[in-house]
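S.K.: The following block contains the structure, expressed as structure tokens.
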Amino acid sequence: MIRIAAAALTLAAFPTLAAVANDNAGRLSSQYSAWAGGKSNADSIVNGLQSGSTVVIVTQGPDNTRSLAGFTPPAPMPAEEVGAALAKARSTLASMGIRQPSADQIQTALIGGELTLADGRKRSVQGSVTPLPDTVATR
């Protein structure tokens, strides 16, 4: 009888956990949608980072040029880590004077690489999404 009750409680908890995860993803997506160039970009980033699946971002600049970027994170991340990675990426770009980043700039802030600043200078950026030490293959 106790085992049946425990199993019923466990099964009942899964929909609640899924709802909490969806709430966290929705909150993060809403929080970063303006910075990411729209809700669909923010959804792609948050969902991709949480699930470890491909992220595709498309932004449109003030001169109607489009920027397209994509990457696959090294591993799924919990919502707290996704929030921290997005906050760091936004902060990194803001410290360089980039408040409305292009898709390429968002990608670089998240996974690392080289950014070209408005004045033409190049700056190396360490991404805020980095592989965990045990996920890096060594040969």
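The values are calculated or read from the model by the stated rules, or taken from the named source; none is laboratory data. Because the structure is a prediction, the values reported are computed rather than measured. In this analysis, Cβ positions are derived from the backbone assuming ideal geometry, glycine residues included, and neighbour counts consider all displayed protein chains.
S.K.: Out of curiosity, is SER91 surrounded by 13 or more Cβ atoms within 10 Å (Cβ to Cβ), at pLDDT 95 or above, hydroxyl-bearing (Ser, Thr, Tyr) and part of a helix (DSSP H, G or I)?
M.R.: no
S.K.: May I ask you to verify whether THR54 is under 17 Å from GLY127 (Cα atoms), of a type in the set (Ser, Thr, Tyr), at pLDDT 95 or above and within 13 Å of the chain's Cα centre (by Cα)?
M.R.: yes
S.K.: While we're looking at this one, here's another question. Assigned to a strand (DSSP E or B), farther than 21 Å from ALA118 by Cβ and either at pLDDT 95 or above or in contact with an Asp or Glu (Cβ under 8 Å, 6 or more places away or on another chain) (or both): is that true of GLY83 in this structure?
M.R.: So GLY83 fails the test.
S.K.: Here is a check on your reading of the model: is ASN41 under 10 Å from the mean Cα position of the chain (by Cα), surrounded by 12 or more Cβ atoms within 10 Å (Cβ to Cβ) and either in a helix (DSSP H, G or I) or of a type in the set (Lys, Arg) (or both)?
M.R.: Against the criterion (under 10 Å from the mean Cα position of the chain (by Cα), surrounded by 12 or more Cβ atoms within 10 Å (Cβ to Cβ) and either in a helix (DSSP H, G or I) or of a type in the set (Lys, Arg) (or both)), ASN41 qualifies.
S.K.: Here's a follow-up. So, of the residues in the range 118-133 that are surrounded by 11 or more Cβ atoms within 10 Å (Cβ to Cβ) and either touching a strand residue (DSSP E or B) at 6+ places or on another chain (Cβ under 6 Å) or of a type in the set (S, T, N, Q) (or both), which turns out to be farthest from ASN47 (Cα to Cα)?
M.R.: ARG123
S.K.: A follow-up question, please. Within the range 59-74, can you find the residues that are surrounded by 14 or more Cβ atoms within 10 Å (Cβ to Cβ), assigned to a loop (DSSP other than H, G, I, E, B) and over 10 Å from the mean Cα position of the chain (by Cα)?
M.R.: The one that is surrounded by 14 or more Cβ atoms within 10 Å (Cβ to Cβ), assigned to a loop (DSSP other than H, G, I, E, B) and over 10 Å from the mean Cα position of the chain (by Cα): PRO74.
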